[in-house]
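Just so you know, all these numbers are worked out from the coordinates, no wet-lab data involved. Treat the numbers as computed from the prediction; the structure is a model and nothing was measured. Cβ coordinates were reconstructed from backbone atoms using ideal geometry, including for glycine residues, and neighbour counts include every protein chain displayed.
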Amino acid sequence: MIKTTEKLVFESPKSLKAGMKFPFCAGCDHGVAIRLVAEVLDEMNLKEKTIAVASIGCSVMLYDYLDTDCIEAPHGRALAAATGVKRTNKDKFVLTYQGDGDFASIGLAESLHAALRGEKVSAICINNTTYGMTGGQAGPTTIMGQITKTSPNGRNEEYYGYPIKIAEQIALCDGTAYSARCSLDSIANIKKTKEAIRKTFEVQLQGLGFGFVEILSTCPTNWHLTPQESHERVRNELFQVYPLGVYKEV
Amino acid sequence: MTKKLTTGNHAIAQAAINAGCDGYFGYPITPQSEIGEFMSKKMQELERAYVCAESEIAAINMVLGACSTGAKAMTSSSSCAVALMQESLSYIAADELPVVLVSVMRAGPGLGYIYPSQGDYNQATIGGGNGDYKIIVLAPSTVQECIDLTYKSFYLAQKYRNPTILLADGLLAQMMEPVEFNEYPYPEIPIEDWALTGAKNRASRAIYSLEPKEDRLVERINTLFNKYKQIEENEVEFEEYQTDNADLIVTCFGSIARNVKSAINQCREKGLKVGMLRPITLYPFPTKKYQELAKTTKKFLTIEMNMGQMVRDVRLAVNGQVPVEFFGKSVGQWLSVEDIIAEIERFNG
């Protein structure tokens, strides 16, 4: 008689809601990023002490995916809300998950000042170079020449000015303990992103200061590219403007 | 208890500390900056949360975050800066968070100036945030009431999990009066069944206002309005002064009631049958009390340090039963007792 032993080699992180299915467009990197966050929360045993702050955009329904306590912040104000949570609950683990429009356009003041104050919170910013949820308009990170719904002739200096380099700006703040830019375009880079998320969480737990990771991500629907082409765009176009790397580590 | 000479701003700040305020988040603006200054010292001494926020927008959202965890938290601000907070007040009402906002009115639209004014009655009671929501609004008339109503603001905010505004003005905030700092008189309200405290030994929780499903959105708004109905039934507070057999009832709120009372005393000595009704809760508005008094009085005269804001609520309440007149001045001019007596005599004549 042949005896077989089944071994589960791949399971959903406990910090993700059981049976949950991501509603994101095909080829969008949000699902990968949120899964990585959940994996690190599991591995660092943080689920029970986490209060996550959701933002506005495709990132908004974070509370539908993460199986942790969550609060929704008004557009751009995630790091202000996170500051309020952390300052009154120093024993909790506080995390924001934001898009680049939320973090670096409408919420730039809140983001920079949280970093300058050295808030002991961790911020994750998904940079897909467009306003995804509203249908693909030009945002603060839209690169020069990029065609969007509100830059039909491509981003140019005269009408739009220049994109913001978020990870570099956050690294300039004295209160920042860690700032990195990562990508989800390959297995190797997904692994590096996970390590950057871990580092971002560790600096909070160690009380070193503000932890930040910018994740270059795809938006195939609004980029009008296939999932494969989208990752090629990340490599071929975005890496030139937004180089990967660790910009600050104390 | 011995009395202490205190400004309205310091009275509010100390009362907030006595009420157990865990976190103060604010940005300076005259005429309420002394609240933030006082808190920067005292909150640090007590090792409670204090943040010099980068803007009023950030400040109110820090309060939103803190209150979502069940902490008692507040901000204080004034007129044009309270305008900046309106979006978040709508979120806070939708999220049902126990936020306390101290709003110390200055004068005029735009930057205006720091003169005493009551120009933000509409801003507080109607609000500028989006959607159907209501905010509890308490209006002190003395420095002692600044203390008592700060206590009540924290209590009502917690009891109903609803944003609550303490609406003062520059005059009350800056002047000194002898006051008693009694202890916080209200029971503590449990937070365990709703606050974000980490999903330990319970299911995870989320506090949010996004509601894509129509029937659930309708249900949420109905739940809010059932709560508002309870607030309207249970929390109306007002001061009634010499309204018995009054032919004319002067009605006003906040600091100007002090002069109105003096004017009424002098008018009564002259034999004029005049009384005063002062709403202390601007929301919930004492509609029933106005309707009751409209059966016995001949006229209402609404006096405000603005161009006529509360008078609209008075007219809605009285609903044409008797005439409702208005007397007021804008630009923060203090209405003197003589001004008020002259107006009473004119209306009574």
Cα-centred dipole magnitude for region A:16-167, charges only on beta-carbon of K, R (+1) and D, E (-1), debye, nearest 20
240
Would you compute, for the Cα atoms of region B:1-156, the largest minus smallest coordinate along each principal axis and list the three values in descending order, in whole Å?
45, 37, 28
Could you derive backbone 3J(HN,Hα) for region A:192-201 from the dihedral phi with the Karplus parameters 6.51, -1.76 and 1.60 (θ = phi - 60°), listing whole Hz in sequence and x where the residue is Gly or Pro?
5, 4, 4, 5, 5, 4, 4, 5, 4, 6
Burial order of peptide ranges B:65-73, B:318-326 (average beta-carbon count within 10 Å, highest first):
B:65-73, B:318-326
With a cap of 15 neighbouring Cβ atoms within 10 Å, and only residues DSSP puts in a loop, list the trypsin sites (Lys or Arg not before Pro) found in region A:88-150.
A:Lys90, A:Lys149
Whichever lysines have a C-alpha closer than 22 Å to that of B:Lys134, once near sequence neighbours (fewer than 8 apart) are set aside
B:Lys72, B:Lys152, B:Lys159, B:Lys227, B:Lys229, B:Lys288, B:Lys289
Which three numbers, in whole Å and largest first, are the semi-axes of the equivalent ellipsoid of region A:1-139 derived from its Cα gyration tensor as √(5λ)?
30, 20, 11
Mind listing the long-range amide H neighbours of A:Ala123? Cut-off is under 5 Å, sequence gap 5 or more, other chains count too, H placed in the peptide plane at 1.01 Å from N.
A:Thr96, A:Gly211, A:Phe212, A:Val213
The rounded separation in angstrom of the Cα centers of region A:181-236 and region B:1-77 is 39
Of all trypsin sites (Lys or Arg not before Pro) in region B:202-244, which ones are in loop regions per DSSP and have a Cβ with at most 15 other Cβ atoms within 10 Å?
B:Arg202, B:Lys213
Cut-off 10 angstrom, C-alpha nodes, Gaussian network model of chain B. Which of B:Ala199, B:Ala294, B:Ala124 fluctuates the most?
B:Ala199
Give me the Kirkwood hydrodynamic radius of region B:196-321 in Å, from all C-alpha pairs, to one decimal place?
17.4
In region B:55-158, taking the dipole from +1 charges on Lys and Arg beta carbons and -1 charges on Asp and Glu beta carbons about the Cα centre, the listed residue (B:Tyr113, B:Ala81, B:Cys67) farthest towards the positive end is B:Tyr113
Region B:280-349-region A:11-67 distance, computed between alpha-carbon centres (Å):
56
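Please compute the average number of Cβ atoms from other chains found within 10 Å of each residue's Cβ in peptide A:86-98.
Partner Cβ neighbours, averaged per residue: 4.
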Of all DSSP beta bridges in the protein assembly as shown, what percent run antiparallel (nearest 5)?
25
Of the candidates B:Met305, B:Phe253, B:Leu335, the farthest towards the positive dipole end of region B:238-348 (Lys/Arg Cβ +1, Asp/Glu Cβ -1, centred on the Cα centre) is B:Phe253
Relative to the compact-globule estimate 2.2 N^0.38 Å (N residues), the Cα gyration radius of chain B stands at a ratio of 1.00
Derived scalar couplings ³J(HN,Hα) [region A:136-153; Karplus, 6.51 cos²θ - 1.76 cosθ + 1.60; whole Hz; x for Gly, Pro]
x, 8, 5, x, x, 10, 4, 7, 4, x, 5, 8, 9, 5, 10, 9, x, 9
Considering only DSSP beta bridges where both residues belong to chain B, give the percentage that are antiparallel (nearest 5).
25
Which residues' amide hydrogens lie under 5 Å from the amide hydrogen of A:Ser151, considering only partners 5 or more residues apart or on another chain, with H built in the peptide plane?
A:Ala138
Under 5 Å from the placed amide H of A:Ala54, counting only residues 5+ away or on other chains, we find A:Ile71, A:Glu72, A:Ala73
Residue mean of other protein chain beta carbons inside 10 Å, B:50-59
5
Given +1 on the Cβ of Lys and Arg, -1 on the Cβ of Asp and Glu, and no further charges, what dipole in debye does the protein assembly as shown carry about its Cα centre, rounded to the nearest 20?
560
Cα-Cα P(r), the protein assembly as shown, percent of pairs per 20 Å interval
20, 45, 26, 8, 1, 0
Report the local net charge at B:Gln144: Lys and Arg +1, Asp and Glu -1, summed over other residues whose C-beta lies under 11 Å from its C-beta.
-2
Hydrodynamic radius of region A:94-250 per Kirkwood, over alpha carbon pairs, in Å
15.6
Evaluate the charge dipole of region B:48-191 about its Cα centre and quote only its size in Debye, nearest 20, assuming +1 on the Cβ of each Lys and Arg and -1 on the Cβ of each Asp and Glu.
140
Let me have the 222 nm mean residue ellipticity of the protein assembly as shown computed from DSSP H runs of 4+ only, each contributing -39500 (n - 2.57), with the sum over all residues rounded to the nearest 500.
-11000 deg cm²/dmol
Any idea which of A:Thr221, A:Val121, A:Ala180 is furthest toward the positive side of the dipole for chain A, if Lys and Arg beta-carbons carry +1 and Asp and Glu beta-carbons -1?
A:Val121
Sorted by mean Cβ packing within 10 Å, highest first, what order do the peptides B:242-254, B:46-58, B:7-19 take?
B:7-19, B:242-254, B:46-58
Using θ = phi - 60° and Karplus 6.51 cos²θ - 1.76 cosθ + 1.60, couplings along region A:159-176 (whole Hz; Gly, Pro as x):
8, 10, x, 10, x, 8, 9, 5, 4, 5, 5, 5, 5, 6, 7, 5, x, 7
What's the center-to-center distance, using Cα atoms, between region A:106-180 and region B:102-168 in Å?
36
Over the whole of B:202-214, what's the average partner chain Cβ count within 10 Å per residue? Rounded to a whole number, please.
5
